[in-house]
Amino acid sequence: MHEPRQFPRRSAIPFRGAGFPSAPGCSGFSLIELLVTLALILILTTMFWGFNSSSHQRTQMKLCQQNLQKIFVSLEIYANDFAGKFPAVTNAANSEPALAVLVPRYSADTAIFICPGSKDSPLPAGESFRDRKISYAYYQGRFATNTAEALMSDRQINSEARSAGDEVFSTTGKPPGNNHSKFGGNFLFCDGHLESTPPRVPFSITQTPGVVLLNPRPQ
């Protein structure tokens with residue numbers, strides 16, 4: 001009788017830790033390599049979406065427009081109650097006293113008065129911000145019939161009248177006028193439409209007698 005043919009036993013493929021077996025000549029990523037890769041991805045993402053990046057500020061500009069649209073609803077209701085005139089406070093030096101009259105009767109949402117692109121502190125909900133600080137400039141003295149005129153904007157570098165091409169918002173990313181770093185800002189008009197502009201405004205902004213630009217309190 002022939003003895004059964006015996007085959008050589010294959011040696012077991014070693015396992016790497018608790019993972020799956022690796023083929024000879026192949027090596028997987030170590031935990032340290034994976035962590036380093038993840039850290040690099042996080043750093044690159046932060047650089048791309050950083051606070052002062054153009055991509056981040058474009059997103060914040062859109063959110064800022066939503067704020068201004070909500071404020072306009074309150075301003076419009078106020079104007080309906082006061083013969084078409086938007087809020088005005090005698091001898092107001094900043095935009096806070098003038099716009100604070102909207103809270104809480106015309107808006108209990110104070111978060112809309114803080115630009116999401118700025119570093120301004122949140123406001124207590126439903127409370128007057130007359131003695132606090134908001135993010136937006138306000139053209140006091142306008143009427144609802146001044147449809148083509150600017151009514152509000154992001155914080156400006158100063159309160160002077162503007163001609164087309166004049167600097168309105170920060171060109172360096174430093175205060176004042178840097179709600180959106182060096183990437184411009186938003187304007188809200190008396191008819192409710194919005195326009196985003198670069199730091200140098202492409203249109204003129206008239207300040208007729210009785211109209212004054214009120215910036216927020218200094219940063």
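Computed from the coordinates by the stated procedures, all read-outs in this text should not be read as laboratory data. Predicted, not measured: the structure shown is a model, and the values here were computed from it. Virtual Cβ from ideal backbone geometry, glycine too; neighbours counted across all protein chains shown.
Straight Cα distances below 13 angstrom link K70 to the aspartates and glutamates D109, with same-chain residues fewer than 8 positions distant left out. Please compute the net charge surrounding C115, taking Lys and Arg as +1 and Asp and Glu as -1 over other residues with Cβ under 10 Å from its Cβ. Result for the local shell: 0. Annotation: extensible slack from A39 through T147 equals 33.8 nm (criterion: 0.36 nm per residue apart, minus Cα-Cα distance).
Straight-line cross-link partners of K174 among the lysines, defined as a Cα under 19 Å from its Cα and at least 8 positions apart when in the same chain: K119, K133, K182.
Extension gain, K70 to S121, is 16.4 nm, computed as 0.36 nm per intervening residue step minus the present C-alpha separation.
Residues T197, T110, arranged from fewest to most other Cβ atoms within 10 angstrom of their Cβ, appear as T197, T110.
Each residue of segment 117-127 is assigned a 3J(HN,Hα), and the resulting list reads x, 8, 10, 5, 6, x, 10, x, 5, x, 10 Hz, derived from the Karplus form 6.51 cos²θ - 1.76 cosθ + 1.60 (θ = phi - 60°), x at Gly and Pro. Along the axis of the charge dipole computed for segment 57-214 (Cβ charges of +1 for Lys and Arg, -1 for Asp and Glu, origin at the Cα centre), the listed residues A88, G177, I71 are led at the positive end by G177.
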